[in-house]
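Structure record follows, encoded as structure tokens.
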Amino acid sequence: MVATALIGLSIAMLLFLLAAGLTLIFGMLGVINFAHGALYMIGAFAAFEAYRQTGSFWLALVVAPLVVAVIGALIELILLRPLYDRDHVEQLLMTFGAILVIEEAVRMIWGLGYRDLPLPESLSGSTAVLGDEVAIYRLFLLGAGVAVGAGLFLLIERTRLGMVLRAAMSYPAMVRALGIRVDVVRTLVFALGAALAAFAGAIAAPIVPVQVGMSFAIIVDCFVVVILGGLGNIRGAIVAAVLLGLVQAFGQHYFPSWIEVATYVVLIGVLLVRPQGLFSIAPARKA
Amino acid sequence: MRKGMRAAMAVSAIALATFGATVAGAEDKEFKIGGVVALSGAYGVIGEAMQKGAELAVEMRGGTVLGAPVVFDWQDTETKPQVAVQKATKLMAGGANMLFGAVSSGSTLAVMKVAERKKVPMLVTLSASDDITGSQMSRYTFRTSNPVNMENQMMAEFASKEGLKKVYGVVADYTVGREMWDNLKAKLKDKNIEIIAEDFPPLGNKDYAIIVDKVAKSDADGVAMIMTGGDAITFLKQSGQVGLKDNKEVFGTMVMDELMGKAVGDLSYGVNSTQRYHFSTETDANVAFVKAFREKYGEYPNQFAGEAFDGMSWFLDVVDETGSWDPEEWVTAFESSTYDKSVEGTKVMRACDHQAAQIGVFGKAIKGEAPYPDVTMDVTYTFGPELLFAPCAD
């Protein structure tokens with residue numbers, strides 16, 4: 001039971017790390033970023049490459065988000081900035097196109113073969129927790145998710161930068177009138193969302209196959225988390241990720257053939273009771 | 001007179017033009033191979049390897065068959081049966097003399113039906129469904145690689161030889177996976193091996209930690225894996241992190257080779273798996289193939305490349321031996337063909353089901369020393385065809 005709960009929470013934290021970037025971008029920019037999974041994949045490959053060059057797992061975890069943040073900023077500058085005043089469909093199509101370009105670029109650089117990001121010695125093996133054996137890496141995942149979640153919460157809710165971000169989302173014209181460059185804020189937000197996706201990819205790489213198309217396995221659950229939690233809401237994403245992670249863990253324990261059904265039962269159930277999601281906020285205004 | 005001469009010259013010109021065209025036609029004739037394999041997505045890496053093996057087979061025979069140059073046209077099936085059928089139809093409309101592929105059994109079963117309608121021979125060197133050479137058998141389709149039943153027979157022989165008494169099954173939840181498991185369970189029971197539990201996680205499952213925990217806490221002495229590609233990698237990575245293979249024998253069909261080893265890393269060591277082909281086989285044909293492959297691609301051939309090379313070399317040899325451009329003659333000749341230049345020794349095509357009888361190889365992942373890959377399969381068992389194939393019914 002303890003092992004199942006801890007595993008469920010570790011699944012939840014991975015889902016949260018990925019969903020946080022997606023919901024942040026939607027909440028702040030009003031863009032549903034279909035390419036978020038592709039950024040997760042680049043994160044995993046960037047971590048693999050950083051490890052191959054340096055032999056350091058820890059450096060790989062740092063380098064991957066930085067590299068993908070730059071890529072995210074370029075995507076926002078080149079692809080999305082001209083589209084903010086247009087229909088959401090055009091933004092969706094643009095981010096969908098970005099998936100195809102990113103996947104082809106990854107295929108050309110790293111090929112179609114599988115890659116591995118091995119664990120450092122300190123995170124290998126298992127340990128006993130209340131009588132159950134749990135992989136040490138699962139506990140690390142759990143801790144990393146909590147740390148990033150707390151950091152993100154503090155950044156947005158408790159800092160001046162967070163205040164500017166929230167203001168730029170809700171009252172862009174006013175913020176611009178105060179001399180703050182809203183376009184730069186948007187680029188920073190997209191870069192931060194991309195970095196979160198990349199961190200999720202890097203931290204997932206030791207437990208999943210690193211390969212072109214690796215995001216398809218997880219991106220649907222990520223969207224489920226964002227919808228469950230309420231579009232654009234970080235706190236909602238945390239609660240939804242924990243809910244989904246625990247459902248998947250206990251589902252796998254007691255009815256493994258029905259996990260996917262259970263996921264969608266939770267989604268339908270929440271949407272029936274609260275169609276706007278558990279914690280909903282309005283999307284960013286255009287300006 | 002002048003009128004007669006003009007007529008004679010015209011006839012001569014037409015005759016020359018016709019003859020010339022015929023000669024030119026023979027010189028220009030090409031042997032077209034339509035490759036329908038996955039070249040993108042999760043199985044793209046397999047299609048790429050098959051492409052390498054098949055192309056090397058042609059290169060090593062001088063690039064010709066029946067005196068004509070061999071030309072490949074590769075099409076990406078995207079691992080979707082309907083796309084595979086569209087691409088195969090296009091290839092046949094473009095004059096393909098034979099089809100080669102596909103990767104997934106679903107695609108192969110779909111393509112072999114349209115190949116039969118067009119009477120175009122099709123060579124299968126990977127897809128394992130028993131239906132390909134069983135209930136859906138076609139006069140025009142031949143498989144030179146392992147079928148499911150053969151793989152399962154190897155699994156049962158391995159479990160028996162390793163002295164396993166209780167096995168836990170982890171099976172990807174799709175039709176072929178469940179069929180394979182039912183088949184394997186029957187074979188394990190024949191060896192007096194008890195199935196103590198089974199789990200059917202969905203295809204593309206992201207997390208196996210709970211199942212791994214259940215297996216670890218069970219009294220099974222072995223865990224049989226029936227899953228492919230990314231699913232197998234995810235299971236092996238996550239089970240390796242809690243040391244499952246230190247306490248249980250982990251074995252499966254096609255769950256580990258040098259390609260998978262790149263994804264699973266050090267956690268691969270000790271995992272047991274069936275192998276379609278292994279580069280360490282010490283036959284003259286294989287030594288020559290491995291040498292050529294390493295020179296061309298700078299790496300050892302994996303099992304997908306090895307099987308593709310072997311099947312293509314065999315089929316084109318048979319085509320050459322017929323000396324004919326009639327596909328019906330190729331098919332008839334291949335039905336009763338024995339290939340003693342196989343990289344795996346000798347393969348015999350069974351006329352009854354168009355399945356090649358051959359040896360089966362089982363291996364364990366070990367740490368490879370240069371020049372071998374970091375994860376290398378050590379061949380632990382080689383089973384003879386008499387153990388793996390039931391005789392054809394009369």
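The values are calculated or read from the model by the stated rules, or taken from the named source; none is laboratory data. The model shown is predicted, which means the values in this text are computed figures rather than measured ones. Positions of Cβ are backbone-derived with ideal geometry, glycine not excepted, and every protein chain shown enters the neighbour counts. Just the protein is used for accessible areas: all its heavy atoms, side chains included, with ligands, DNA and RNA removed. Shrake-Rupley method; radii C 1.70, N 1.55, O 1.52, S 1.80 Å.
Accessible area per residue was computed with a 1.4 Å probe on protein heavy atoms; B:Lys291 scores about 120 Å². With Cα atoms defining each centre, region B:86-162 and region B:249-311 are spaced 20 Å apart in the structure. Mean per-residue shielding of peptide A:240-247 is 0, counting Cβ atoms of other chains within 10 Å of each Cβ. Extension gain, B:Asp190-B:Ala390: 0.36 nm per intervening residue step, less the Cα-Cα distance, totals 70.5 nm.
Counting Cβ atoms of other protein chains within 10 Å of each Cβ in B:206-219 and taking the mean gives 6. When Rg and the Kirkwood Rh are both derived from Cα coordinates, the Rg/Rh ratio for region A:16-164 amounts to 1.02. Using just its DSSP H runs of length 4 or more, each adding -39500 (n - 2.57), chain B gives a mean residue ellipticity at 222 nm of -14500 deg cm²/dmol after division by all residues.
Between chain B and chain A, roughly 2800 Å² of accessible surface gets buried, counting both sides and using a 1.4 Å probe.
Restricting attention to the protein assembly as shown, close to 40% of DSSP beta bridges with both partner residues there are antiparallel. When the alpha carbon coordinates of the protein assembly as shown are projected onto the principal axes, the ranges are 103, 82, 49 Å, largest first.
Placing pseudo-labels 7 Å out from each Cα toward the beta carbon at B:Gln86 and B:Arg139 gives an inter-label distance of 3.1 nm.
Take every DSSP beta bridge whose two residues both sit in chain B; close to 35 percent of them are antiparallel. Between helix B:2-28 and chain B, what is the angle of the helix's C-alpha long axis to the longest principal axis, kept within 0 to 90° and rounded to the nearest 10? The answer is roughly 10 degrees.
Kirkwood Rh and Cα-based Rg: tell me the resulting Rg over Rh for region A:12-58, rounded to two decimals. Ratio of gyration radius to Kirkwood radius for region A:12-58: 1.10. For chain B, the relative contact order works out to 16 percent when only alpha carbon pairs closer than 8 Å and six or more residues apart are counted. Along each principal axis, taking the top coordinate minus the bottom one, the Cα set of chain A gives 59, 48, 34 Å in descending order.
Checking Cβ-Cβ separations below 4.7 Å across the protein assembly as shown identifies A:Cys222 as cysteines lacking any candidate disulfide partner.
Label positions at B:Glu198 and B:Thr332, each projected 7 Å from the Cα along the C-beta direction, are separated by 4.5 nm.
Taken per residue, the accessible surface of region B:250-322 reaches 30 Å², heavy atoms only and a 1.4 Å probe. Taking every residue in B:232-243 and counting other chain Cβ atoms within 10 Å of its Cβ, the average works out to 5. Please identify every one of the trypsin sites (Lys or Arg not before Pro) in region A:45-149 that sits in a loop by DSSP and has no more than 12 other beta carbons within 10 Å of its own beta carbon. Listed in order of number, the matching sites are A:Arg86.
Here the Karplus curve 6.51 cos²θ - 1.76 cosθ + 1.60, taken at θ = phi - 60°, turns the phi angles of region B:354-360 into couplings of 6, 10, 7, 7, 7, 6, x Hz, with x standing for Gly and Pro.
Which residue fluctuates most in the GNM of chain B (Cα springs below 10 Å): B:Ala308, B:Ala88, B:Ala68? Of B:Ala308, B:Ala88, B:Ala68, the Gaussian network model singles out B:Ala68 as fluctuating most. The candidates A:Ile7, A:Ile32, arranged from most to least accessible area with a 1.4 Å probe in the full protein assembly, appear as A:Ile32, A:Ile7.
Taking chain B as a Gaussian network of alpha-carbon nodes connected by springs under 10 Å, the highest mean-square fluctuation of the residues B:Ile193, B:Ile366, B:Ile210 belongs to B:Ile210. Ranked by solvent-accessible area (1.4 Å probe, protein heavy atoms only, all chains present), the residues A:Leu123, A:Leu271 order from largest to smallest as A:Leu271, A:Leu123.
Helix B:175-190 and the longest principal axis of the Cα set of chain B meet at an angle near 60°. For region A:150-166 versus region A:28-101, the inter-centroid distance based on Cα atoms is 22 Å.
Residues of region A:81-125 whose accessible area (probe 1.4 Å, heavy atoms of protein chains only) drops by at least 50 Å² once all protein chains are present, relative to their chain alone: A:Leu112, A:Tyr114, A:Asp116. Using a probe of 1.4 Å, the accessible surface attributed to B:Lys367 totals some 120 Å² when neighbouring protein chains are kept in position. Remark: relative contact order (region B:92-137) = 45 percent; criterion is Cα-Cα distance under 8 angstrom and separation of 6 or more residues. Using the Cβ-Cβ distance between B:Lys166 and A:Ile78 with R0 set to 45 Å, the FRET efficiency works out to roughly 0.15.
Summary of the geometry: region A:198-269 and region A:1-21, compared by the centres of their Cα atoms, lie 8 Å apart. Taking the longest Cα principal axis of chain A as reference, the axis of helix A:216-229 is set at about 60 degrees.
From the Kirkwood radius over Cα pairs of region B:167-326, Stokes-Einstein at 37 °C and 0.692 mPa s returns a whole-number translational diffusion coefficient of 186 µm²/s. Summary value for chain A: 38 percent relative contact order, contacts being C-alpha pairs under 8 angstrom separated by 6+ residues. The accessible area of B:Arg139, taken with all protein chains in place and a 1.4 Å probe, comes to roughly 80 Å². Per residue, chain A reaches -24000 deg cm²/dmol at 222 nm when only DSSP H runs of four or more residues are counted, each adding -39500 (n - 2.57). Checked against a 32 Å cut-off, the cross-linked pairs B:Lys119/B:Lys341; B:Lys166/B:Lys206; B:Lys245/B:Lys347; B:Lys32/B:Lys367; B:Lys113/B:Lys341; B:Lys52/B:Lys90 give Cα-Cα distances beyond that limit for B:Lys245/B:Lys347; B:Lys32/B:Lys367.
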